[in-house]
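One structure below.
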Amino acid sequence: MRQDKIILGIDPGTNIMGYGAIHIIGNDIRLLGAGIISMEKLKDQPLKMKRIFESTIDLLEQFKPDELSIEAPFFGKNVQSMLKLGRAQGIAIAAALVRGVPIFEYSPKKIKQSVTGNGNATKEQVAAMLQKIVSLPPRSPLSPKGREPERKAFDFTELKYLDSTDALGAAICHYFHDGMQSVRNSSQSGNKKVSGWKAFLAENPGRNTSPQPLSSGRGAKT
């Protein structure tokens, strides 16, 4: 059956929250939008939590996703940072629960593995691979003169923060993971349906999928 669904990815944070929305139509992955929600000017933690909740609700209303994919907090040495990220993730999840949107969580390593094939890939390599995987929405209708308006390809290097590409990576990871679940289910029923990362490579032989680092210089999440 032909897929047609919208996935919203979120990379939680108390200073910067990244988001990225994709529309899956068949085997095509179309970019709906990506960006960040900044809370750097808010010094009070409760105000940041309020901003995260309200912003997530706004994103859910804007993109109307069928599913939410969120990055799990990274377990590092800084306990305070882990606690803050956990709060941010919990607030975003609560917003999705309020709207009745199914939630899926993936570790940073799992997301990198799904997007690039390397669980230890850099953020720049993830962004570079997304540049090759994600396509733009269809062109707008013909102008009165019968000419299509010129469109520039979306350049991920234009994104100020890598948090937005991390969020897109979470959405892509869920798409591939969901596809592999379909493979398992169809295999059990005797079908030979193939989906996920390997299927994407097989169906898009012209794509150069070797990750290349992008020029950085963008802010990182704290």
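General observations
- Of the criteria (1) acidic (Asp, Glu); (2) surrounded by 17 or more Cβ atoms within 10 Å (Cβ to Cβ); (3) within 14 Å of the chain's Cα centre (by Cα), which one residue 66 fails: (2)
- Test result for residue 9, without any contact (Cβ under 8 Å) to a residue 60 or more places away in the chain and either under 14 Å from residue 103 (Cα atoms) or part of a strand (DSSP E or B) (or both): no
Yes/no matrix, rows are residues, columns are (1) part of a helix (DSSP H, G or I); (2) surrounded by 15 or more Cβ atoms within 10 Å (Cβ to Cβ):
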| site | (1), (2) |
| --- | --- |
| 24 | no, yes |
| 32 | no, yes |
| 52 | yes, yes |
| 56 | yes, yes |
| 59 | yes, yes |
| 80 | yes, no |
| 93 | yes, yes |
| 104 | no, yes |
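- Flag for residue 38 being modelled with pLDDT of 90 or more and among the small types (Gly, Ala, Ser): yes
- Residue in the stretch 70-83 that is modelled with pLDDT of 95 or more and either within 19 Å of residue 29 (Cβ to Cβ) or among the polar types (S, T, N, Q) (or both) present: yes
The values are calculated or read from the model by the stated rules, or taken from the named source; none is laboratory data. Bear in mind the structure is a predicted one, so any value in this text is a computation, not a measurement. As a convention, Cβ positions derive from the backbone with ideal geometry for all residues, glycine included, and neighbour counts pool all protein chains shown.
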